[in-house]
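A.B. asks: Provided herewith is a single structure, encoded as structure tokens, for subsequent inquiry.
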Amino acid sequence: MSRARSSTRGRATGGRSRSASDIARCARDDWQYTYADEIKPSLEFLYRPHTITALVFLLAGLVYYALFLTGTDVVSNTKMGIAGCFGVIILTGLLEFKDGPFIRPHPAFWRVVLAVSVFYQLVLVILLFQDKSTARHLMTYLDPSLGVELPEKNYAGDCSLTWETIWDQMDVFVLAHTFGWYAKSMVLRDPYICWILSIMFEFLEYSLEHQLPNFAECWWDHWILDVLITNWLGIYLGMKTCEYFAMKTYSWRSVNQIPSYQGKLQRGIEQFTPHSWTSFDWGPSKSFRNYIAVLALMAFELQIELNAFYLKALLWIPPPHFINITRLIVMFFFCMPATREVYQYLSDPRCKRLGYHAWMLVANVFTETFICIKFGRGEFTEPFPAKVITFWSVLAAFLIGYAVIQFVMRKRWGWFGGMGEEEEVVKKAIRTPSAARRKKKAV
């Protein structure tokens, strides 16, 4: 018997029918009461809570370390203590945190992602309470090669358009642009927002090149190599992937319900793909609330990117270092469920709270920003150029003017071909049948 999810465009086949209570719960809180996969009896062990067993193993490990492995080296003991704290937080999150909006490859995986976000927040808070030199020294305990000021690569030294100069610009950031925008497309699921962000980040590089010298690039590096080639490729592939998942037929049968070995193998692979897919329609022009939310979303995403560059520069971490790469990877996994929760919060009037992943991601990003502001004192003494201030002032005036025209003059007053509030109420009343008409139609 087939079952379909109301917020999902993809088609679904297979599985059990739902009761009225199940439908009501899904309508009340879509991501918290999502469908579960059919579980093979031999795999039920992986979907049952094992809180007592896990607690016994945790306490046994702590006792063993406390009685038999404690040394006198302060650095080594501190590292082991931090690793132990990480393990405790991960295990606690694995067993006790609530499920998020995704259930594949396993709901526990996304609980671990949330637990990692909590641990990352604790690390950021520790860094926030340090001074700049101490924070840089702490990085040497992760890698002794750190703690050395970074040489900034000059991307605008020779802007002649030749094969030599183009090849000289090819570094790790080229791949980062492509894979990064592929990931952002999967997170945001909106090509227009992705293109706006792609262009706006180039303007941010123009605006901040007096603070971060590696933001200074040739014009063709900004607009051809970055925007029109690497960013376009990442956005194109990402949106094609979104289209594939939106149009895909989803089968929620368990492995033991599939007769052929090829079908079982395909079902096993599908366990690492989405259980269902929701296409995002952010609708920034529909209401003032959506407009502000989309602007905040884009500003938030740009701040995530800026934090990567400022943290790298202030803590003296080279671009290809595993710390930078690890942060980018975990941020992707943080953003996937967080953006889904934000979209549910904005689009579903029955959703009255922000999800756990989104809450933690906001805390992570703002704490990173606070660290950049604190450690940036005395580092960037050159004032903002007048042309930069003028550009952002004009952009702010444009955004405010658009909001006034779209949501006050057109939607409220009915100017410029818009529909006023009274006309919109009348139109909705005409479209919506009265109770008597519905009752007569039902009879």
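The values are calculated or read from the model by the stated rules, or taken from the named source; none is laboratory data. In this text, all values refer to a predicted model and were calculated from it rather than measured experimentally. Every residue, glycine as well, gets a Cβ built from its backbone with ideal geometry; the counts of neighbours run over all protein chains shown. The protein model used for the area step is the full one, side chains on, heavy atoms only, and it has no ligands, DNA or RNA in it. Shrake-Rupley method; radii C 1.70, N 1.55, O 1.52, S 1.80 Å.
A.B. asks: Under 20 °C and 1.002 mPa s, how fast does the range 243-317 diffuse according to Stokes-Einstein, given a Kirkwood radius computed over C-alpha pairs? Answer in µm²/s, whole number.
C.D. replies: Values: Rh = 16.7 Å.
It comes out at roughly 128 µm²/s.
A.B. asks: Which three numbers, in whole Å and largest first, are the semi-axes of the equivalent ellipsoid of the range 98-176 derived from its Cα gyration tensor as √(5λ)?
C.D. replies: 37, 25, 10
A.B. asks: Now for a different question. Under the classification rounded if a/c is under 1.5, otherwise prolate if a/b is larger than b/c and oblate if not, where does the range 306-406 fall, given a ≥ b ≥ c as square roots of the Cα gyration tensor eigenvalues?
C.D. replies: Taking the square roots of the gyration eigenvalues as a ≥ b ≥ c, the range 306-406 is oblate.
A.B. asks: Are there any GluC sites (Glu not before Pro) in the range 96-195 that are in a DSSP loop and have at most 14 other Cβ atoms within 10 Å? List them by number. Let's see the in-between values first.
C.D. replies: Working: sites: Glu96, Glu149, Glu152, Glu164; in loops: Glu149, Glu152.
Here the sparse-neighbourhood loop sites are Glu149, Glu152.
A.B. asks: If you don't mind, there's one more thing I want to ask. Provide the packing ranking of 264-274, 106-116, 333-343, i.e. peptides ordered by the mean count of other C-beta atoms within 10 Å per residue, highest first.
C.D. replies: 333-343, 106-116, 264-274
A.B. asks: How would you order 385-392, 295-302 from highest to lowest mean count of nearby Cβ atoms within 10 Å?
C.D. replies: My ranking of the peptides, most packed first, is 295-302, 385-392.
A.B. asks: Quick check: at a probe of 1.4 Å, how many percent of the accessible area of the range 157-281 sits on carbon and sulfur atoms?
C.D. replies: Carbon and sulfur: 70 percent of the exposed surface of the range 157-281.
A.B. asks: Same structure, new question: Mind checking the per residue accessible area of the range 233-356 for me, 1.4 Å probe, whole number of Å²?
C.D. replies: Spelled out: the 1.4 Å probe surface of the range 233-356, per residue, equals 48 Å².
A.B. asks: OK, next. What figure in square angstrom, to the nearest 10, would you give for the accessible area of Leu67 with a 1.4 Å probe?
C.D. replies: Probe radius 1.4 Å; accessible area of Leu67 about 120 Å².
A.B. asks: Could you rank Tyr236, Tyr244 by how accessible they are, 1.4 Å probe, largest area first?
C.D. replies: Result of the area sort, largest leading: Tyr244, Tyr236.
A.B. asks: At 1.4 Å probe size, put Thr178, Thr249 in order of accessible surface, largest to smallest. Write out the running numbers ahead of the final one.
C.D. replies: Details: Thr178 30, Thr249 65 Å².
Greatest to least solvent exposure: Thr249, Thr178.
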